[in-house]
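**Student:** Before I ask anything, here is the structure I am working with.
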Amino acid sequence: MTPAQLGYCIKGHELKRKEQDSDMWHFAGTYGISALIYAIDRCLNGKKARSEYIKKPVSILLEEESKPKSKESNEDVAMFEMQQRIKMLEKEGSILSPS
């Protein structure tokens with residue numbers, strides 16, 4: 001292995017370690033803090049505690065948040081708009097209406 005190739009391996013290993021560090025920070029930052037807050041609230045307030053542990057993974061919550069809110073598909077909306085345009089053109093007496 002040449003020194004250049006060895007340098008690339010070292011840089012790759014450093015990038016991998018940075019990614020692992022970031023993942024662990026994310027894990028401890030979200031799940032660890034949630035568990036800590038839940039435990040402290042239960043210890044101090046007992047049955048009156050209001051905190052809850054995270055019910056779903058953060059990645060799933062982000063996916064759900066990015067989904068469209070309405071249940072209508074884009075095709076349904078496009079069909080409705082086309083029908084409205086056709087009705088408007090028929091009222092105006094344009095090319096679509098038979099003469």
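Nothing in this text is a laboratory measurement; each read-out follows from the coordinates by a stated rule. Predicted, not measured: the structure shown is a model, and the values here were computed from it.
**Student:** Please tell me the relative contact order of the chain in percent, rounded to the nearest whole number, where contacts are Cα pairs under 8 Å and at least six residues apart.
**Tutor:** Contact order relative to length: 13 percent.
**Student:** For the range 1-74, just the Cα set please: Rg and Dmax, both in angstrom.
**Tutor:** Cα radius of gyration and Dmax of the range 1-74 are 20.9, 65 Å respectively.
**Student:** Kindly provide the Kirkwood hydrodynamic radius of the range 21-61 in Å, to one decimal, from all pairs of distinct alpha carbon atoms.
**Tutor:** So the Kirkwood estimate lands at 11.1 Å.
**Student:** To continue, here is another question. List the aspartates and glutamates whose Cα sits under 19 Å from the Cα of LYS67, skipping any in the same chain fewer than 8 residues away.
**Tutor:** Excluding near neighbours in sequence, the set is GLU75, ASP76.
**Student:** So what is the calculated 222 nm ellipticity per residue for the chain, using -39500 (n - 2.57) for each DSSP H run with n of 4 or more, over all residues, to the nearest 500 deg cm²/dmol?
**Tutor:** About -22000 deg cm²/dmol.
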